[in-house]
Structures are given as C-alpha cells and as structure tokens.
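Data first, discussion second: the structure below is written as structure tokens.
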Amino acid sequence: MAEFAHDKVVPNAASDKTKTEQVAEMFDSIAGRYDFMNRFLSAGIDVSWRKKMLNQLKPLKPRIMLDVATGTADVAIMAGEILKPEKIIGIDISEGMLQLGRKKLLKKQLNGFIELQSGDSEAINFPDNTFDAVTVAFGVRNFEHLEKGLKEILRVLKPNGMLCILEFSKPNLPGIAQLYNLYLGIVAPGIAKMVSKNREAYTYLNDSVKAFPEGKRFIAIMNSTGFKETICRRLSLGICSIYSGIKQA
C-alpha cells in the first residue's frame, strides 16, 4: 500500500508512539477548547463549509450514515438537521472528543438517533455495505495510512453510496497563498498557545495541511482505491475543499 508524506507527519516527532496514538492523545488534550478554536480560527466559516458538504448528499437521501473522525459530533448533528436520516453513527479515536459529543447529544435529546463510538478509520467495526453515506470533516489528514482508511470506508458503503470529505487545502492565488501560510504557520499556533495552551496541536495542523496530497492528487488516490465519479470542489479561494466519490454498484 502506498505511503504519503502526510502519513508520517505526527504531533510529536520525538515520540515512539504511532500517529494514531499521538493524534488521539492530542485531541484528548484539546477537546475542551476544540469547538471554540474551530469557530475562532476560521471566523465561523467552517460552519458553512460543513453545510455545503452535507448539501451534496441531499439528492442521495441517505437513511443510514457514518461520520468518520466525528470529534464532538458537529457534522453528525448538522447531518441530522439537513438530511434527516434514520440513523447516524459517529466514530473517533479520541475518547475525550466523544465524551463532549455525547454531552451535546444528551442536551439536544439526540442520543438515540445519533450514536457515538470509539473507532478507527482503518478498522471500521461494521459489516460490508452498511451505510448509504459516509462523511469525514477535517479527518483524513489524521489517517495513519490514507489508502487503508479510504478502502475501509469504501467497504462499509453500500453500492451507489457516497463518500463526502471536507479538508483543508492550499490556495494558489498570489497574495492569498502567502497570507494563508503566514496565518497557519505563525498566527494560528500563537493564538492556540494563548487560548488552549497547546501550540503543538496547531503546529501539527499546519504541517499536516502542507503535506496532504490535495486537489487532483487526492482525487487520483480516491480513484485508485475504488471510488468512482470523484469530484473536487474548492471553497473560500481554495482554503478548503470538498471531495466526493461513489461506490459503484
């Protein structure tokens, strides 16, 4: 299975733990501030990005959905409001994030409709052909083995089911690209250190975004793992992209 540069980007290069273990620990450590930092660092634009991703699934009318790297369940909750499926399962490797997600679900009385489970994208604990749709918002960069994670998602999708991925990308417009690099490389980690006391998490964000095989390269990887009708839609001057693909019947 192919290796990609971002597979080797980890929060702490000096640690002997796997990327999956390190990422889980990192998100456990920032869980309490994660939602706030998302809204703050993106000026709230991340909410509209999620909505646009989910709107792409409307024609499919999915009944059973899986949200991989669900975190605190933002996408799962929004999917329930926009798509109104019968059931949503959210999986994540960070128990700290899941605990906060479960509190949200309890508060909104959604804990029967949406179920959160500890789970890894590379070993999804569901049978073949289970889900009508799978979503991943800002999570594929954290896969330890990108192709393995995508193949697992393909396995649990039903024929004609759709995968939608929301992920950071790199703008290429002159001026915008330089500002974006400055923001991700210096401003975001600095703010994160003041607010969440974890500069390393946002340094890792910058490093993993830089190394991620975005755009046409990622579409080629989706194609090679078996997805069909793959599309990349760039948002907000290329800061973020929606990738989608179908499991062929």
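For this structure, a couple of remarks:
- For segment 50-85, residues that are of a type in the set (Ser, Thr, Tyr) and modelled with pLDDT of 95 or more total 1.
- Just one of (1) assigned to a helix (DSSP H, G or I); (2) in contact with a strand residue (DSSP E or B) (Cβ under 8 Å, 6 or more places away or on another chain); (3) of a type outside the set (Lys, Arg) fails for Asp7. It is (2).
- Qualifying positions in segment 192-233 - at pLDDT below 95, aliphatic (A, V, I, L, M) and closer than 20 Å to Lys8 by Cβ: Ala201, Leu205, Val209, Ala211
- Tally of residues being part of a helix (DSSP H, G or I) and under 22 Å from Glu152 (Cα atoms) across segment 41-61: 3
- Look at (1) farther than 21 Å from Ser241 by Cα; (2) surrounded by 16 or more Cβ atoms within 10 Å (Cβ to Cβ) and you find that Asp128 fails only one, number (2).
- Flag if Phe138 is of a type outside the set (D, E, K, R), in contact with a helix residue (DSSP H, G or I) (Cβ under 6 Å, 6 or more places away or on another chain) and at pLDDT below 95: no
- Screening Ile93, Ile114, Ile89 for residues that are surrounded by 20 or more Cβ atoms within 10 Å (Cβ to Cβ) and more than 15 Å from the chain's Cα centre (by Cα) leaves exactly one candidate, Ile114.
- Applying the condition of being within 17 Å of Ile239 (Cα to Cα) and modelled with pLDDT of 75 or more to segment 21-47 and asking which residue is surrounded by the most Cβ atoms within 10 Å (Cβ to Cβ) yields Asp46.
- Candidates Leu157, Leu106, Leu110: the one that is in contact with a Phe, Trp or Tyr (Cβ under 8 Å, 6 or more places away or on another chain) and aliphatic (A, V, I, L, M) is Leu157.
The values are calculated or read from the model by the stated rules, or taken from the named source; none is laboratory data. This is a predicted model, so every value here is computed, not measured. Glycine also receives a Cβ, built like all others from the backbone with ideal geometry; neighbour counts cover every protein chain displayed.
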